Amino acid sequence: MAAELGFANMTIDASSSVYIAVTGPNTTEYKGIYSVEIGASIDAPFHAYTGDAADLFFIDSDSTSALLATKNLTLDDPTTSVYKKWMQLSPPPYVIFANNQNQTWISGLSRSYCGLESYAQIAGTKDGLRTDMVKSSMTNVTLGGYPKQQFYFQGLNASSQYYGILALPGNATEGTPGGGGRIWKKMEFSTQTDGNCAVLFNLTFCSDVSYAAPGNPTTFPTVSALAAFYDNAARSAYANFAKALQQIPCEIPSTGQYSLVRTCADCAAAYKAWLCSVTIPRCQDYSRVDPWLQPRNVVQAFPNSSTLLDKEFLTASQEILYLNSSRNPAIDEIVKPGPYKEILPCLDMCYNLVQSCPAAMGFQCPSPGGEGYRNAYGRRPNGSLSEEGQITCNYPGAAYHLSGAGRVTGGWLGVGVAVVVGLVVVI
């Protein structure tokens, strides 16, 4: 039986002693050392690999960092003890490994827990201990508001393709089924190029924000400072709305309220979701060509002082507001990100705001096809192959490739012997 990508598993019926021998391949092309970890069990494989799904989602990235999350770990209601226990887990159960795809040799170990621990560029554990390379926490922000685990890691290369691999550490305890850990199928994600978008998450007010926003490492050297700038701007704007909502008779019997199906709480939630999406634009590289992206702030220089090369386009854009500026003037005046492209907020968020709030508040949405719609709001994916798994408009909790997002299953399957291989590279 040959190990495949660093992992082999065999299940046998045994009525007497079983002997195991391990040999390396007969080759003259490699002169290093093979490191092998063997586990034998009568209950379940000591090591395990799940190849039917990655169980890991790409939330967003900038040029040096990325944010990923597991599937929903439970679909229980937030009031249940199961939901609360998942959210309170510390440390969270899973770890992650990530590697630049140009380091092709790591693919040969992508199913080996001990191999990934030793050689992955971003390793969630080393020698069985969790590392500080990955910031991990439980969250309910993305994928429908259910508990899942998110992973944030920095130190990535710009404009690069990466593999991400979800893993469940084993406890390496003798006599414990699955003590050697489990590896899931690898997934792919990429980093941005220009360096003027920054991934924001765990904001205090706009808590549903988990994506890259326009940034500038010169004006805002730390991500926390940039996050505070955007969060405070949204909080300040919401305070004015809250004063207006206080003028609405929200506490009277439902028969006397402005709607029989929507409440002031619905109005407040809809406004906050809309406000955070328009105050904190979702940022992509200007070089991206996806048709749903809106160019912004094209006349300003990039943080490295370079400018767009198409002088004729820049001259024509001087008088076009939606091209020569960001959605909010403070972004251009204070952050100064330079040219970028925005994933526009979904139009249905505006519709939900109008439907949820009193007509007296005067909220209106642009008509589809009109100028205000095309440059201010986007639409959900249209079902075409080119848009499958993409974020064509921004909404709270948006993530890439959401089809089939359910709960992560962690049951240990099968009985047998598992072998994982770690390759020691000699330079």
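Summary of values
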quantity	calculated
Residues (in a helix (DSSP H, G or I) and either among the aromatic types (Phe, Trp, Tyr) or in contact with a Phe, Trp or Tyr (Cβ under 6 Å, 6 or more places away or on another chain) (or both)) located in segment 257-271	TYR271
All positions within segment 116-132 that are surrounded by fewer than 20 Cβ atoms within 10 Å (Cβ to Cβ) and in contact with a strand residue (DSSP E or B) (Cβ under 9 Å, 6 or more places away or on another chain)	SER118, GLN121, ARG130, THR131
Residue among ALA227, ALA239, ALA212 that is without any contact (Cβ under 8 Å) to a residue 40 or more places away in the chain and within 26 Å of GLN149 (Cα to Cα)	ALA227
Evaluation of SER15 against (1) surrounded by 10 or more Cβ atoms within 10 Å (Cβ to Cβ); (2) modelled with pLDDT under 85; (3) of a type in the set (Ser, Thr, Tyr) (one fails), failing number	(1)
In segment 56-78, residue farthest from MET138 (Cα to Cα) [restricted to those that are buried (at least 24 other Cβ atoms within 10 Å of the Cβ) and of a type in the set (D, E, K, R)]	ASP62
Residue selected from segment 235-254 under the condition closer than 23 Å to VAL278 by Cα and of a type in the set (A, V, I, L, M, F, W, C), by the criterion surrounded by the most Cβ atoms within 10 Å (Cβ to Cβ)	LEU245
Residue under evaluation ASP55, criteria (1) among the charged types (D, E, K, R); (2) free of Cβ contacts under 8 Å to residues at least 40 places away in the same chain; (3) within 30 Å of ALA398 (Cβ to Cβ), criterion not met	(2)
Some residue of segment 37-51 being farther than 21 Å from GLY179 by Cα and either outside the structural domain of ASP285 (by TED's automatic domain parsing) or without any contact (Cβ under 8 Å) to a residue 60 or more places away in the chain (or both)	no
Candidates TYR113, TYR162, TYR146, TYR152, filtered to the one that is in contact (Cβ under 8 Å) with a residue 60 or more places away in the chain, surrounded by fewer than 22 Cβ atoms within 10 Å (Cβ to Cβ) and of a type in the set (Phe, Trp, Tyr)	TYR152
Test set (1) hydroxyl-bearing (Ser, Thr, Tyr); (2) crowded, with 18+ Cβ neighbours inside 10 Å; (3) farther than 30 Å from SER386 by Cβ - THR307 fails condition number	(2)
Among residues of segment 357-387, those that are in contact with a Ser or Thr (Cβ under 8 Å, 6 or more places away or on another chain) and modelled with pLDDT of 90 or more, counted	5
Residue within segment 99-106 that is more than 24 Å from LYS71 (Cα to Cα) and at pLDDT 95 or above present	no
Single condition LYS341 does not satisfy, out of (1) touching a residue at least 60 places away in the same chain (Cβ under 8 Å); (2) surrounded by 14 or more Cβ atoms within 10 Å (Cβ to Cβ)	(1)
Matching residues in segment 284-332 - criterion: being β-branched (Val, Ile, Thr) and more than 24 Å from the chain's Cα centre (by Cα)	VAL298, VAL299, THR307, THR315, ILE320
Sole exception among (1) more than 27 Å from SER287 (Cβ to Cβ); (2) surrounded by fewer than 16 Cβ atoms within 10 Å (Cβ to Cβ) for PHE363, by number	(2)
Failed condition for PRO381, given (1) in contact (Cβ under 8 Å) with a residue 40 or more places away in the chain; (2) not in a helix (DSSP H, G or I)	(1)
Residue list for segment 244-287, filter: of a type in the set (S, T, N, Q) and under 30 Å from ALA198 (Cα atoms)	SER277, THR279, GLN284, SER287
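The values are calculated or read from the model by the stated rules, or taken from the named source; none is laboratory data. All figures in this text were calculated on a predicted structure; none of them were measured in a lab. Cβ: placed from backbone, ideal geometry, glycine included. Neighbour counts: every protein chain shown.
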